[in-house]
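So the structure is just underneath, and the comments pick up after that.
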Amino acid sequence: MLKTAVQEQLLPGDTLQAKWDFAQQAGYDAIELRGKGDLHFASRLDELKRARKDGVVMPTVCVDMLHFFGAFDADLRRDAIAQMKSQLTVIAEIGGLGAQTPASYGMFSRRLPPFEPPRTEAEDREVLLAGLTELGQHARKEGVTLFLEPLNRYEDHMVNRLDQAADLIRQTGLDSLRIGIDSYHMNIEESDPAAAILAHADLIGHAQVSDSNRFQPGAGHLDWPAWLSALHAIGYDGHLAAECRLTGDPIEAVRSIPAFLQRSGA
């Protein structure tokens, strides 16, 4: 039986408890939280603890910031690392599993002029390994996991495919780092998404889902049976967390996701 989660901003309700009531009725098993910058996630700790006491299941947090640990600017990198450390600590305090982040988002794309970023590939790698090592060590200390998410080439110029994420993670030697896969980005970057899952089975720690057009699963043309079968084949037992935009009636769109994934993965 597939376990599904949904990001909190997609759910109706003014509190996590109200959102959880809706989520359970729709067939979800958990809520994925969003971690904004400026230590906003840490400021929610009392709210999150109350929600956990009331039975809300919140295993993961997905970063929602303007800059990330692979930023060109050193001050922005330091801030992003401090923010992610805080998010890892908070998710640990509420009994969660970990936090998901890309290396960067919207910082540079080799697909648009000027085509060549201000940092060499070797310099990119040095920055990414330093950031991942620091975050991975913090995650290990907190007993949680940092999930590195490859983004498509139009959103990040450094880590686009699972093999690139796997190479960096293996280089650190830290078991507190895993790949957080996303079906939307994989549909763009992987020549065979299912094969990529099978090839990196040992490092996949989390999965986010949206269709080929970034809308809810079922609204695009992604080959869901193949993608889900690959996850089943590697024994993935984590949640499939809906991170998507919604088309059609938003309430019905959110309701449709668990049943669609169950049918597609049957």
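The values are calculated or read from the model by the stated rules, or taken from the named source; none is laboratory data. If you're wondering where the values come from, they're calculated on a predicted model, not measured in any experiment. For neighbour counting, all protein chains shown are included, and Cβ atoms are generated from backbone atoms with ideal geometry for every residue, glycine included. We work out accessible area using only protein heavy atoms, side chains counted, and drop any ligands, DNA or RNA first. Shrake-Rupley method; radii C 1.70, N 1.55, O 1.52, S 1.80 Å.
Numbers below:
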| read-out | value |
| --- | --- |
| Only one of Ile169, Ile179, Ile204, Ile251 that is open to solvent by 10 Å² or more (accessible area, probe 1.4 Å), of a type in the set (A, V, I, L, M, F, W, C) and under 26 Å from Gly143 (Cβ atoms) | Ile204 |
| Residue selected from the range 103-123 under the condition hydrophobic (A, V, I, L, M, F, W, C) and surrounded by 10 or more Cβ atoms within 10 Å (Cβ to Cβ), by the criterion modelled with the highest pLDDT | Ala103 |
| Residue check, Ser191 closer than 21 Å to Pro102 by Cα, more than 19 Å from the chain's Cα centre (by Cα) and at pLDDT 95 or above | yes |
| Enumeration of residues in the range 208-248 that are open to solvent by 60 Å² or more (accessible area, probe 1.4 Å) and of a type in the set (Lys, Arg) | Arg245 |
| Every pair of residues 6+ apart whose Cβ atoms lie under 6 Å, when the first sits in the range 15-40 and is more than 16 Å from Cys244 (Cβ to Cβ) while the second is open to solvent by 20 Å² or more (accessible area, probe 1.4 Å) and polar (S, T, N, Q) | Leu39/Ser86 |
| Residues that are more than 16 Å from Leu231 (Cβ to Cβ) and part of a helix (DSSP H, G or I), drawn from the range 247-266 | Pro250, Ile251, Glu252, Ala253, Val254, Arg255, Ser256, Ala259 |
| Selection within the range 68-96 - under 16 Å from Ser43 (Cα atoms) and outside any helix (DSSP H, G or I) | Ile94 |
| Condition broken by Gln208, with the remaining ones in (1) in a helix (DSSP H, G or I); (2) among the polar types (S, T, N, Q); (3) within 22 Å of Val144 (Cα to Cα) satisfied | (1) |
| Any hit, the range 30-51, residues being open to solvent by less than 60 Å² (accessible area, probe 1.4 Å) and in contact with a Leu (Cβ under 6 Å, 6 or more places away or on another chain) | yes |
| Top-ranked residue in the range 1-14 [being of a type outside the set (A, V, I, L, M, F, W, C) and in contact (Cβ under 8 Å) with a residue 40 or more places away in the chain; ranked as most open to solvent (accessible area, probe 1.4 Å)] | Lys3 |
| Of all residues in the range 216-246 being out of contact with any Pro (no Cβ under 7 Å at 6 or more places or on another chain), part of a helix (DSSP H, G or I) and free of Cβ contacts under 8 Å to residues at least 60 places away in the same chain, the one that is nearest to Arg263 (Cα to Cα) | Pro225 |
| Filter result for Phe72 (buried (at least 22 other Cβ atoms within 10 Å of the Cβ), within 19 Å of Val159 (Cβ to Cβ) and without any contact (Cβ under 8 Å) to a residue 60 or more places away in the chain) | no |
